[in-house]
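S.K.: Please read through the structure below; I'll follow up with questions.
The values are calculated or read from the model by the stated rules, or taken from the named source; none is laboratory data. Everything quoted here is computed from the prediction, not taken from an experiment. Every residue, glycine among them, receives a Cβ derived from its backbone with ideal geometry; neighbour counts consider all protein chains shown. Accessible surface areas use protein heavy atoms only, side chains included; no ligands, DNA or RNA. Shrake-Rupley method; radii C 1.70, N 1.55, O 1.52, S 1.80 Å.
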Amino acid sequence: MHSPVSQVTGFGVLMIVQIILLALFWLFVRYSDEALPLLEGSELGEQHVSKYPHFQDVQVMIYIGFGFLMTFLRKYGYSATGYTLCMTALVVQWCILVKGYFHMENGKINLSLESIIDADIAAAVPLISMGALLGRTTPIQLLFMALIEVVLFAINEYIALNIFSICDVGGSITVHAFGAYFGLAVSLMLRPAKDKNEPGKHEGPNYLSDIFAMVGTLFLYVYWPSFNSVLADGNGQERAILNTYLSLAAATVTTFVVSAIVSHENKLDMVHVQNSTLAGGVAIGTVCNLLVGSHGAILIGIIAGCISVLGYRYLTPRITAVTGIHDTCGVNNLHGMPALLSALASAIFASFVTKEHYKSELGQIFPAMGDVPANNNSTIILGGFERTASAQAGYQLVGIAVTLLVAIVGGILTGGVLKYTGVRKLQKDEHHQDELFWEVPEPKED
Amino acid sequence: MHSPVSQVTGFGVLMIVQIILLALFWLFVRYSDEALPLLEGSELGEQHVSKYPHFQDVQVMIYIGFGFLMTFLRKYGYSATGYTLCMTALVVQWCILVKGYFHMENGKINLSLESIIDADIAAAVPLISMGALLGRTTPIQLLFMALIEVVLFAINEYIALNIFSICDVGGSITVHAFGAYFGLAVSLMLRPAKDKNEPGKHEGPNYLSDIFAMVGTLFLYVYWPSFNSVLADGNGQERAILNTYLSLAAATVTTFVVSAIVSHENKLDMVHVQNSTLAGGVAIGTVCNLLVGSHGAILIGIIAGCISVLGYRYLTPRITAVTGIHDTCGVNNLHGMPALLSALASAIFASFVTKEHYKSELGQIFPAMGDVPANNNSTIILGGFERTASAQAGYQLVGIAVTLLVAIVGGILTGGVLKYTGVRKLQKDEHHQDELFWEVPEPKED
Amino acid sequence: MHSPVSQVTGFGVLMIVQIILLALFWLFVRYSDEALPLLEGSELGEQHVSKYPHFQDVQVMIYIGFGFLMTFLRKYGYSATGYTLCMTALVVQWCILVKGYFHMENGKINLSLESIIDADIAAAVPLISMGALLGRTTPIQLLFMALIEVVLFAINEYIALNIFSICDVGGSITVHAFGAYFGLAVSLMLRPAKDKNEPGKHEGPNYLSDIFAMVGTLFLYVYWPSFNSVLADGNGQERAILNTYLSLAAATVTTFVVSAIVSHENKLDMVHVQNSTLAGGVAIGTVCNLLVGSHGAILIGIIAGCISVLGYRYLTPRITAVTGIHDTCGVNNLHGMPALLSALASAIFASFVTKEHYKSELGQIFPAMGDVPANNNSTIILGGFERTASAQAGYQLVGIAVTLLVAIVGGILTGGVLKYTGVRKLQKDEHHQDELFWEVPEPKED
């Protein structure tokens, strides 16, 4: 039975959160210089908004890409698009504060285009976790999970990038692996009792919901080069674009092949087409601005496509059967394992890095291997600035290991909070349907 | 009964209009210098197309955003997307001529990227009005309404920006308020007889039409920062982006909260999610490049979200019951009242403007408060160029008041023309369905 | 009966193709200088990614535009979006190699942003052909057709642009005409036996598939100025944007008018709205960066809209009846005839070209009419560099004639290969449905 009271309480708390956000912005956030009026005679500069087109592409990925990718459930389209919108709107505000906290100047957070690019990228993290849980939580559970998760994400990212000084320009380690395994850990805590492990009666797609999901897939596909390259600089940005483009293409062809080979009656499976085609974007993420070569990008894409389809076909059902962990969207196959591949690839490529090849970009891509950067005074990098290539490779592996640790422990604790506190939980037969929390129009005859 | 003859007559007149447009372009329009070949040796410049990405974002908002937002009616999807396309294609040509008329040089209109940015923004005006009337007019009525409306819009905009010299970079006053109240005034004229005031039998969404509408919502949401910042310059452009981003986010969280609190059984309402989430973009429009602070943007978003949801829930049904004015998409709640809020906010913020804060941007944002601009020789600004902050605040209020006056009187007159001339009108039971004007495929069993 | 074995064989061969592509990239492709790290002290340049926003717009057109435009078939939405994705992912890799072959340096192909822009444009070619064949081939037939077609396209493009030195910045001749008539020639070879010429029983749209198709139409419409201008330079790029914008608008208004006049009961026809509105983009393509004037662009749009609607209404049924050639999407009306119009227009406008009008852009737009370009040493242009305007006009006509020849002969041969080799063919009652090659969910009652 639906309880209006708990619904109102939950959203009432959300209103309080929004007002607290307002107060924190009032106290701590100011426009950065690039968004403030200049003195008379200063030169007008628009160069700092040169990343604006990239930013808009990422916006489309977050709101339309993620939102529509999750509309594949036939009775959960309002929730997929609606909660994506609400969660992102909440998280980006929170993220500006949380990530800004690490870079305060004189007790103030500087707000610039970079802040909202970072916020959009961070919003991907709870959206990935939401994919694991899709249809099995209330909106309030999702939103509070997201608030906790973003803090842990920001801490882990700070450790990985600023202390371990790993390279991860496309965020496969800090965003995709973190989001996927955090979500799966929450899913572990919220797993149903043993005897209720069959799929929900409302779960699954219909013909049209699968086509709606392709809106999400295709926008994610098209703009993924922007996601991976938005934080890259100089010529490394173009490499990030090219490698991502090729890895996605190779993963896509591979996905169709493997899907046709392993699926029932050798028919293509829309789950694979919607998701595994994108695995190439995740798998190239960490290394997309390295000198992996076009063949390296294609090879990574091929492996990612294989792993992802085989994961959907064989691994996910097995994980659910053995551990009881549900993974509605298969985030382990789209984000988790391809991100592990990306981390592994980054260790391999890092072990071959030389000053001779990377020239002026060495210190920019691997700050711990270059000269001491002038404008990076807040960074504490382990082992100073003269790291060897093999040490860098080791740190890449430490980076993914710590990320997994923080994600899984954090996810278990967060899942525990969602499970054992008074927050309303869903019953099995309430899963995967909009009706519980949304006004749904009656089917009409005309 | 559908009358082919009147349909053909109407579209025949439209063809004549298109040919007249061709003739007027032939006579009066030439490429501006930035689109003409340069003399040998001149430097090739691409800098004038630096706003092209912004322009493309606005294009998506107009054609896909508005078009799909209106597909929420379950039997009116062809009309929503089709008439949006046709009306915009007609209006942008007309608008280049109408707005160009105010800035002719030697009897010629200069065509440049700026012209088509302006034309796209102007196209939003009749699309907003169409939202008020959706499903209750013929396509011919809509198209001719648009032709008249754009002229009145251009005149009012000229008065507001060039004579009253108000700030309105995001167009909340000149575009959103104008479009909404013009449309409502037309709706007043076309209101049904008293005894036919119940909702149309074909009105309302179904499950899938509501998801299609989210395509519109999400693209409007994502690209709204581009709409508000496309006409801003220098660092003010980045502020416009940041403020719009934050206002939208805050309005969205607020919309979900208020929707859950006020709706039936405390369920979320897709009408609110589709529309009120965007109210933050309208409400910040006029002030988005001012120094409102990130907290100011968030506060405006919160208020806009509240006003908009409460408007949908309580005010619109009441207006319809009392006055007979129908407002199919609720443009008063998405565009009208948030635009009034934006105008009010602009008066408040304008009253605190100082040269000290706005530095070199003062004369650019508030031409009447800065020095005499060198390149603005066609402008006649009331009260010269030494306006005080409180005078500017007053002019902001005069700007919205005159806009309301022109929109409402213009809408009443236009509605009268549509009602009392020989143009074909729809009967009540012809409302909100595509079948009357479109070939609709028979439902198939397979 | 569906044969899993042949399906697996086909996709197995596809896997081998992907691995061969990997090997070829490994052997022959390297990053171009603009994607390689610079020496210390060199200036970081982002200017070479200035076309990145254009590129992303083209990406949307290819994957979402083409993909969704073809979802209008009510039982073929998985195939429309899925095969578009798979074919493009395959073709872009192949195209980088094929087009790169013509511009090798020291036996290596340079990979840059330009390469993937070219690859995306080339991907449009087999997608257009796929439109002619939609629903009547297996995915394997489509993919192998695409591999052959892209080679012929690249050869023909090289002949047209580098030997005949025609202007075709928007690709109407080399992309649209080629793709359309190649596809129709394949369709000729695959035409059914005489007695099976009626429409397929699964052919045709339903209400929702027509709205999905509008997602494709509107994204193609919105981003078409980017498609036509992405390869234009300097001020010609802005002209390309302006002319394409106006031609599309005029074609759209004309489409609605003509559709209402010629359709059954004078109702609007979604086929026209989805397709003929875009004919303006094709028809302006070859001449979009010329000095056609805004009225020239509008006039071309009007003619294109007329031709296209009349083609759908009268010509296509007649062609099918007489020759047995099916054209599922009507590519002759959207791409074919408007491209012929564009070629004709290019001959007319070329015949008036003077150095006086085109100034510094003459040699850039018409290389054979300008001075010997310094950086174009690989070009063999017929008749040297002092071509007259009327000679250029003649070459434009030769360009389209040769393109038609290569496309039609190539299409007939390719169709022959698809027909007479062991590749699995579809039976008539297998047409236009996803079920044969896709897992399709059972309709659910809830």
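S.K.: Going residue by residue through segment B:201-217, is there one that turns out to be closer than 30 Å to B:LEU413 by Cβ, of a type outside the set (Val, Ile, Thr) and part of a loop (DSSP other than H, G, I, E, B)?
M.R.: Within segment B:201-217, one or more residues are closer than 30 Å to B:LEU413 by Cβ, of a type outside the set (Val, Ile, Thr) and part of a loop (DSSP other than H, G, I, E, B).
S.K.: Taking the options A:LEU190, A:LEU231, name whichever one is away from chain C (no Cβ under 12 Å), surrounded by 19 or more Cβ atoms within 10 Å (Cβ to Cβ), within 17 Å of the chain's Cα centre (by Cα) and of a type outside the set (Lys, Arg). Please lay out each step first, then the result.
M.R.: Details: A:LEU190 fails: within 17 Å of the chain's Cα centre (by Cα).
Matching residue, one of A:LEU190, A:LEU231: A:LEU231.
S.K.: Follow-up. With the structure loaded, tell me whether A:ILE148 is more than 30 Å from A:LYS428 (Cβ to Cβ), open to solvent by 10 Å² or more (accessible area, probe 1.4 Å) and among the β-branched types (Val, Ile, Thr) or whether it fails that test.
M.R.: So A:ILE148 does not fit the description; no.
S.K.: Which residue pairs have Cβ atoms under 6 Å apart, sit 6 or more places apart or on different chains, and have a first residue in segment B:328-357 that is on the phi > 0 side of the Ramachandran plot and a second that is among the hydroxyl-bearing types (Ser, Thr, Tyr)?
M.R.: B:GLY330/B:TYR312; B:GLY330/B:THR316
S.K.: Which one of the conditions (1) more than 9 Å from chain B (Cβ to nearest Cβ); (2) modelled with pLDDT under 95 does A:VAL49 fail to meet, given that it meets all the rest?
M.R.: Result: A:VAL49 passes all but (1).
S.K.: I would also like to ask the following. Can you tell me which of C:LEU299, C:LEU291 is modelled with pLDDT of 95 or more, facing another protein chain (nearest Cβ under 10 Å), open to solvent by 20 Å² or more (accessible area, probe 1.4 Å) and in contact with a His (Cβ under 8 Å, 6 or more places away or on another chain)?
M.R.: Numbers: C:LEU299 fails: in contact with a His (Cβ under 8 Å, 6 or more places away or on another chain).
Being modelled with pLDDT of 95 or more, facing another protein chain (nearest Cβ under 10 Å), open to solvent by 20 Å² or more (accessible area, probe 1.4 Å) and in contact with a His (Cβ under 8 Å, 6 or more places away or on another chain) holds for just one of C:LEU299, C:LEU291, which is C:LEU291.
S.K.: A:GLY135 is checked against (1) open to solvent by less than 10 Å² (accessible area, probe 1.4 Å); (2) out of contact with any helix residue (DSSP H, G or I) (no Cβ under 6 Å at 6 or more places or on another chain); (3) free of Cβ contacts under 8 Å to residues at least 60 places away in the same chain; (4) not polar (S, T, N, Q) and fails just one. What number does that condition carry?
M.R.: Looking at each condition in turn, A:GLY135 falls short on (3).
S.K.: Within segment A:413-446, count every residue that is assigned to a loop (DSSP other than H, G, I, E, B) and either within 12 Å of another protein chain (Cβ to nearest Cβ) or not aliphatic (A, V, I, L, M) (or both).
M.R.: 20
S.K.: Tell me which of these A:ASN197 doesn't satisfy, since it passes every other one: (1) surrounded by fewer than 24 Cβ atoms within 10 Å (Cβ to Cβ); (2) at pLDDT 95 or above.
M.R.: (2)
S.K.: Oh, and also: With the requirement that a residue be closer than 23 Å to C:ILE241 by Cα and more than 14 Å from chain C (Cβ to nearest Cβ), what does segment B:103-120 give you?
M.R.: Within segment B:103-120, B:HIS103, B:MET104, B:GLU105 meet the criteria.
S.K.: Only residues that are hydroxyl-bearing (Ser, Thr, Tyr), open to solvent by less than 50 Å² (accessible area, probe 1.4 Å) and part of a helix (DSSP H, G or I): list them for segment B:316-361, please.
M.R.: Selection gives B:THR316, B:THR320, B:SER342, B:SER346, B:TYR358, B:SER360.
S.K.: Pick from C:TYR83, C:TYR31: which is surrounded by fewer than 24 Cβ atoms within 10 Å (Cβ to Cβ) and either facing another protein chain (nearest Cβ under 7 Å) or modelled with pLDDT of 95 or more (or both)?
M.R.: On the way: C:TYR83 fails: surrounded by fewer than 24 Cβ atoms within 10 Å (Cβ to Cβ).
Selected residue: C:TYR31, the only one of C:TYR83, C:TYR31 that is surrounded by fewer than 24 Cβ atoms within 10 Å (Cβ to Cβ) and either facing another protein chain (nearest Cβ under 7 Å) or modelled with pLDDT of 95 or more (or both).
S.K.: Here is a follow-up. Could you check segment B:259-313 and list, in sequence order, the residues that are outside any helix (DSSP H, G or I) and more than 20 Å from the chain's Cα centre (by Cα)?
M.R.: Answer for segment B:259-313, where residues must be outside any helix (DSSP H, G or I) and more than 20 Å from the chain's Cα centre (by Cα): B:SER263, B:LYS267, B:LEU268, B:ASP269, B:LEU290, B:LEU291, B:VAL292.
S.K.: Continuing with the same structure: What do you reckon, is C:LEU73 more than 10 Å from chain A (Cβ to nearest Cβ), buried (at least 24 other Cβ atoms within 10 Å of the Cβ) and not charged (D, E, K, R)?
M.R.: yes
S.K.: Would segment B:255-263 turn up any residue that is touching a residue at least 40 places away in the same chain (Cβ under 8 Å) and in contact with a Cys (Cβ under 6 Å, 6 or more places away or on another chain)?
M.R.: yes
S.K.: Let me ask another. What are the pairs, 6+ residues apart or on separate chains, where a residue within segment A:200-211 that is within 14 Å of C:ARG74 (Cα to Cα) has its Cβ under 8 Å from a residue that is of a type in the set (A, V, I, L, M) and assigned to a helix (DSSP H, G or I)?
M.R.: Sorted first by the residue in segment A:200-211, then by its partner, the pairs are A:LEU208/B:LEU208; A:LEU208/C:LEU208; A:ASP210/A:MET270.
S.K.: To continue, here is another question. Which of the following residues is more than 7 Å from chain C (Cβ to nearest Cβ) and not small (Gly, Ala, Ser): A:VAL222, A:VAL257, A:VAL253, A:VAL271?
M.R.: Answer to the selection: A:VAL271.
S.K.: What residue, of B:ALA232, B:ALA213, is in contact with a helix residue (DSSP H, G or I) (Cβ under 7 Å, 6 or more places away or on another chain) and under 24 Å from A:VAL29 (Cα atoms)?
M.R.: The match here is B:ALA232.
S.K.: Consider B:LEU97 carefully, then state whether it is more than 8 Å from every other protein chain (Cβ to nearest Cβ), surrounded by fewer than 23 Cβ atoms within 10 Å (Cβ to Cβ) and either farther than 22 Å from C:ASP57 by Cβ or in contact (Cβ under 8 Å) with a residue 40 or more places away in the chain (or both).
M.R.: So B:LEU97 fits the description; yes.
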